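Scroll down for the structure; my scribbles are underneath it.
The values are calculated or read from the model by the stated rules, or taken from the named source; none is laboratory data. These numbers were taken from a predicted model, which means no experiment stands behind them. Cβ atoms come from the backbone with ideal geometry, glycine included; neighbour counts cover every protein chain shown.
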Amino acid sequence: MAGILTSERFVGRYGERLRGALAEAGLEAEVITVPPDPDARLSDEQCERIDLAYYSSDLIAGPLARSFFSALHRA
């Protein structure tokens with residue numbers, strides 16, 4: 001199972017579509033979201049499960065960008 005890193009906002013808006021597209025393609029994925037606190041970081045265990053990431057528009061130059069890239073760096 002692949003781990004996908006993205007934002008809670010993206011999952012809130014497009015989570016059903018994402019899950020539908022994955023199911024249609026016969027794929028399984030764990031959606032891992034950036035913590036809502038800009039100073040929080042994902043655990044090492046969570047980072048180890050990240051296989052791909054989607055840098056959604058709400059993350060671009062936003063307060064959660066540092067958490068997002070910290071997780072990618074540790075993945």
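Could you check the chain for helices (runs of 4 or more DSSP H) lying wholly inside it with 1 or more residues that are of a type in the set (Asp, Glu), surrounded by 14 or more Cβ atoms within 10 Å (Cβ to Cβ) and at pLDDT 95 or above? Spell out the reasoning first.
Details: elements: 8-24, 44-48, 65-74.
Ranges flagged: 8-24.
How many residues are closer than 17 Å to SER70 by Cβ and among the aliphatic types (A, V, I, L, M) when one looks only at region 1-59?
Adding up the residues that qualify gives 10.
Could you please tell me which pairs satisfy a Cβ distance under 6 Å, a separation of 6+ or placement on different chains, a first residue in region 4-28 that is within 11 Å of TYR54 (Cα to Cα), and a second residue that is modelled with pLDDT of 95 or more and part of a helix (DSSP H, G or I)?
Going by the 6 Å Cβ cut-off, the qualifying pairs are LEU5/ALA71.
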